[in-house]
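What follows is a single structure, written as structure tokens, with notes after it.
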Amino acid sequence: MPFAPPEITQSLESTGGISRYLNISKIEEKQPVRFALLTDEPLWFYEVWGEDLDGLNPRPFRFTSKPTEEDVLQEMGGSYKRREIPEKWGGKPGEYLQPKLTCAVPIYNHSLNGVQVLSIKQVTIQRELNKISQIEDYSDLTEWDLQLSVDRVGERPVYSLQALPRKKGSDPEIKKAWKEVEGNGFDIARLLNGEDPFGDS
């Protein structure tokens, strides 16, 4: 007999356990992630990372178009500073991370059976996704699954993306999960203000 009654179980499963974001940099080698795009209209923006004046608490600042240095400093408002390129990445003192073209899109993660936001700043993945979308058979990417995997060459990750037929029998669950998230007021544009796209869901 279940510890919790059905209505409680459903609440526990919908609010706990799964991260709202799929972090590409944390994908394990030889453990590909299979997912479905929930829209074919991603949010595109430029992202710059800053940190507080003590060099702690890093956070992203986002812009709808490529920002100037003045735009970045104005948005950071004096309580944050530009993040320098880490020495391990070949950075030198005073060399800052540059604005990066990024896209974010809601997905259904098959392994977690839930909706997440996938944020893509890796240009190789962006290019591959755009390339797949221009193949006639994949013109509606929301009807297919995508699988993202990583191999590591030394410390450098090499990503690969491929389109797959929709996982058998998964369409009803995908539609149900997405309808619930949309019904709770999901709005991916909230990312631009540093807010949670899922709102209070």
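Can you tell me the 0 to 90 degree angle between the C-alpha axis of helix 123-133 and the longest principal axis of the chain, rounded to 10?
On a 0 to 90 degree scale, this one is about 40.
Against the longest principal axis of the chain, how steep is helix 171-183, in degrees 0 to 90 to the nearest 10, with axes from Cα atoms?
Roughly 60 degrees between the two axes.
Using only the alpha carbons of the chain, what is the convex hull's orientation-averaged projected area in square nanometres?
Numbers: hull surface 58.2 nm².
One quarter of the hull surface, i.e. the mean projection, equals 14.5 nm².
Can you give the FRET efficiency to the nearest 0.05 for VAL123 and ASP151, using r as the Cβ-Cβ distance and R₀ = 22 Å? Write down the numbers at each step before the final one.
On the way: r = 17 Å, r/R0 = 0.78.
Taking R0 as 22 Å, the efficiency between VAL123 and ASP151 is 0.80.
Starting from a Cα-only point model with no solvent, please compute log10 I(q)/I(0) by Debye for the stretch 100-201 at q = 0.12 1/Å.
-0.48
Quickly rank 78-87, 163-172 as a protection proxy: mean count of other C-beta atoms within 10 Å, highest first. Write out the running numbers ahead of the final one.
Working: 78-87: 13.8, 163-172: 11.4.
Result, highest mean Cβ count within 10 Å first: 78-87, 163-172.
Taking the Cα atoms only, what angle lies between the long axis of helix 6-15 and the longest principal axis of the chain, rounded to 10 degrees?
So the helix axis and the longest Cα principal axis differ by about 20 degrees.
Using θ = phi - 60° and the Karplus curve 6.51 cos²θ - 1.76 cosθ + 1.60, what whole-Hz ³J(HN,Hα) does each residue of the stretch 109-114 get, with Gly and Pro shown as x?
8, 5, 6, 9, 6, x
Around TYR96, which amide H atoms from residues at least 5 apart in sequence, or from another chain, sit under 5 Å from its own amide H, with H modelled in the peptide plane?
ILE85
Each reported figure results from applying straightforward, stated rules to the coordinates on display, with no laboratory input. Note that the structure is a prediction, hence the values are computed from the model and not measured. Methodologically, a virtual Cβ is constructed for each residue, glycine included, from the backbone with ideal geometry; neighbour enumeration extends over all protein chains shown.
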